[in-house]
Amino acid sequence: MRDILHCDMNNFYASVECVLNPALRDYPIAVGGSEDDRHGIILAKNYIAKSFGVATGETTWQARAKCRDLIIVPPHYDAYMKYSRLAREIYARYTDMIEPFGPDECWLDVTASEMLFGTPEHIADEIRGAVKSELGLTISIGVSFNKIFAKLGSDMKKPDAVTVLTPENFRQKAWPLPVGDLFGVGRATQKTLNSYGIYTIGDLANYPEISLKYRLGINGVRLKAYANGMDESAVGFSGIREPVKSVSHGTTFTQNLCTADDVRSGIFYLSESISHRLYSIGRYAGVVSLWVKSPQLQVVQSQSRQHTPIRRAADIASQACRLYDANTPFDSVRALTVGVSMLTDENAPMEITLFNDTAKTEKLDKLDRAVDSIRCRFGTDKIKTATSMNVRCLPGMQTLSGADIAFARE
């Protein structure tokens, strides 16, 4: 039998903000986007704000209506990633089998660690104490014999707690909980299960499998197995990461873009960031995609497959602009996202055509590498192209990058 921990840092974004500014600790605070920049969404909140009913995902004006003294601070993603890394360094003292699930959560397999560090519950208590004393953050840890129940355990008691679910007690502790608490049961699935009279994890565990399969397919069978403690999925080794399969950058503008030149400047700005990412991971892209949102919140998505893989900002922007000209019916634009996928290794052989100017391509590639090197050393704002300098109405850019997506979950 395995010994699995699920570590979940409590109110992670908001807690880090309180570490950065201890004066905030005794006040209701939330991390959110700027209302002026039209990013007025609550990303995280502390327990004081939660007691007023402030919820992750609602708008800032909704949150202020519940708590007039709410302090809203902008997100500091670099700090969140720093504390996420420091927490994982603490986990690594006990095992190298660490599987991240966002910046604030990790599964740990401590099966082989017991002889060195004691029981799984003792290890969990030591980790909890170390995170609190060294980082100033609290953490809830679930201890169980599989990943599903370990995660369930970390959610059962917050903040700063350890919960143990064993083969002997999980029916008593887990089965009375709402079925929506089980990992893999989202809002839509919970609504469907409720319509069949399944309200608790125990109801799901005891529901006829043939009926679940008929109504929910293989997913229903899988969820019933989870409810009965049957999960054999392994915890990954520390340092092993899924290969990046796509990179996409997007932003909502402070004012709607009403001219084609403004849109093209915005596309080029986003494409530069994507190009930087591709150079840093040593990849070329085979598909360019564009998402355009209108002021009425309508979204048009289009994509183009490349005959020859690309990664230069000018090439990515050129393809994205063609997609915009060919597929977008809007008179003005509220938000843009540029993405690339079908990534290939830079050392992989590439097919070239008779019309490829290989010498020119290599020269431009060296130029882009030099620019990228300057940005890495001195900052992205130290060297800019004329096109990207023309970007107007641009707030802080939001980043969605393949396996490196930064979660805003509480």
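Yes or no, residue by residue, for (1) touching a residue at least 60 places away in the same chain (Cβ under 8 Å); (2) of a type in the set (A, V, I, L, M, F, W, C):
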position: N219; (1), (2): no, no
position: A227; (1), (2): no, yes
position: A234; (1), (2): yes, yes
position: L257; (1), (2): yes, yes
position: R277; (1), (2): yes, no
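Taking the condition under 20 Å from D3 (Cα atoms) and exposed (fewer than 14 other Cβ atoms within 10 Å of the Cβ), does L116 pass? In short, yes. Looking across region 144-159 at every residue that is assigned to a loop (DSSP other than H, G, I, E, B) and either among the small types (G, A, S) or at pLDDT 95 or above (or both), the one that is most open to solvent (accessible area, probe 1.4 Å) is identified as F145. For region 195-227, the set of residues classified as polar (S, T, N, Q), closer than 21 Å to M156 by Cβ and surrounded by fewer than 16 Cβ atoms within 10 Å (Cβ to Cβ) consists of N206 only.
Would you pick out the residues in region 137-148 that are within 11 Å of M9 (Cβ to Cβ) and not β-branched (V, I, T)? Matches in region 137-148: L137, S140.
Annotation note: Cβ proximity below 9 Å between a residue of region 32-51 that is part of a helix (DSSP H, G or I) and open to solvent by 20 Å² or more (accessible area, probe 1.4 Å) and a residue that is small (G, A, S) and modelled with pLDDT of 90 or more (sequence gap 6+ or interchain) occurs for Y47/A14.
Check whether at least one residue in region 93-103 is farther than 28 Å from L43 by Cβ, open to solvent by 10 Å² or more (accessible area, probe 1.4 Å), in contact with a Pro (Cβ under 7 Å, 6 or more places away or on another chain) and not β-branched (V, I, T), and report yes or no. Within region 93-103, not a single residue is farther than 28 Å from L43 by Cβ, open to solvent by 10 Å² or more (accessible area, probe 1.4 Å), in contact with a Pro (Cβ under 7 Å, 6 or more places away or on another chain) and not β-branched (V, I, T).
Identify the residue in region 131-143 that is open to solvent by 10 Å² or more (accessible area, probe 1.4 Å) and small (G, A, S) and, among all such residues, is farthest from V110 (Cα to Cα). Filtering region 131-143 for residues that are open to solvent by 10 Å² or more (accessible area, probe 1.4 Å) and small (G, A, S), the one farthest from V110 (Cα to Cα) comes out as G136. Against the test of being open to solvent by less than 30 Å² (accessible area, probe 1.4 Å), assigned to a loop (DSSP other than H, G, I, E, B) and of a type in the set (A, V, I, L, M), the options V263, V235 yield a single qualifying residue, V235.
Of all residues in region 288-316, those satisfying the criterion of being open to solvent by less than 10 Å² (accessible area, probe 1.4 Å), in a strand (DSSP E or B) and of a type outside the set (S, T, N, Q) are V288, L290, V292. Taking the numbered list (1) over 18 Å from the mean Cα position of the chain (by Cα); (2) closer than 30 Å to A335 by Cα; (3) part of a helix (DSSP H, G or I) in turn, A14 passes all entries but (1).
Is it true that H249 is touching an Asp or Glu at 6+ places or on another chain (Cβ under 7 Å), of a type outside the set (S, T, Y) and either under 28 Å from G33 (Cα atoms) or not in a strand (DSSP E or B) (or both)? So H249 fails the test.
The values are calculated or read from the model by the stated rules, or taken from the named source; none is laboratory data. In this text the structure is predicted, and so the values were computed from the model without any measurement. Ideal geometry is used to build each Cβ from the backbone, glycine not excepted, and the neighbour counts take in all protein chains shown. In case anyone asks, the SASA skips ligands and DNA or RNA and just uses the protein heavy atoms, side chains included. Shrake-Rupley method; radii C 1.70, N 1.55, O 1.52, S 1.80 Å.
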